[in-house]
Amino acid sequence: MSERRVGIYPGTFDPITNGHLDIIRRGAGLVDHLVVAVASNLGKGPLFSVQERCDMVAEACAGDPGIGAGKVSVKPFGTLLMSFAKDNGATVILRGLRAVSDFEYEFQMAGMNARIEPDVETVFLMAAERQQFISSRFVKEIARLGGDVSGFVPAVINARLTAKLAETQ
Ligand code: ADP
């Protein structure tokens, strides 16, 4: 019998966007189980706490008909990604690639991770054409300036973003 293949999709998800969701949907189809790993990443000064970001990923996945129930789980992490992968029995790291600008960073990270843990393979999925330009950073900037981000994030996330900005501004 072949082994159960577990994948990890790590990121900050501050907040989760339609671009992330597309990668989750497509990535989940490539593995038996996908763990969305939400990095505490305090260095990046996230708008949402790690718990809030985990809750939002779970909510967005639950509301997506393309993501099978039980196929995806969400966990926070603050350790070395490769240790987290090992602890979760994962053999695949999933990342999304948008423009050329993502490439350099992703290339370096995949290379370093491969040196740390050669048995774990990093797999890249190209961003879908419609989601190419979506980034959490710009979603936050647009929302902060009163712009409409409903085309970039699920409705539940849009509502959370509006509430959070009202609370912090
Ligand atoms: P990080 O802090 O690791 O950059 P992000 O939450 O920004 O975390 O992104 C996590 C992963 O999702 C990265 O591989 C990133 O390239 C990918 N990603 C982000 N936005 C999109 C998008 N619109 N389409 C496809 N992949 C994306």
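The values are calculated or read from the model by the stated rules, or taken from the named source; none is laboratory data. Computed from a prediction, not measured in an experiment: that's the story for all the values here. We place every Cβ from the backbone using ideal geometry, glycine too, and count neighbours over all the protein chains shown.
Where strands (runs of 3 or more DSSP E) sit wholly within the range 46-142, those with at least 1 residues that are of a type in the set (S, T, N, Q) and touching a strand residue (DSSP E or B) at 6+ places or on another chain (Cβ under 8 Å) occupy 72-77, 121-126. Only one of the numbered conditions (1) crowded, with 16+ Cβ neighbours inside 10 Å; (2) within 11 Å of the ligand (Cβ to nearest atom) is violated by VAL120, and that is (2).
Exactly one residue out of GLY63, GLY45 is more than 19 Å from ALA85 (Cα to Cα), touching a helix residue (DSSP H, G or I) at 6+ places or on another chain (Cβ under 7 Å), at pLDDT below 95 and surrounded by fewer than 17 Cβ atoms within 10 Å (Cβ to Cβ), and it is GLY63. Selection over the range 80-105 of residues that are within 16 Å of the chain's Cα centre (by Cα), of a type outside the set (A, V, I, L, M) and modelled with pLDDT of 95 or more gives a count of 3. Considering only residues in the range 1-42 that are in a loop (DSSP other than H, G, I, E, B) and among the acidic types (Asp, Glu), the one that is farthest from MET126 (Cα to Cα) turns out to be GLU3.
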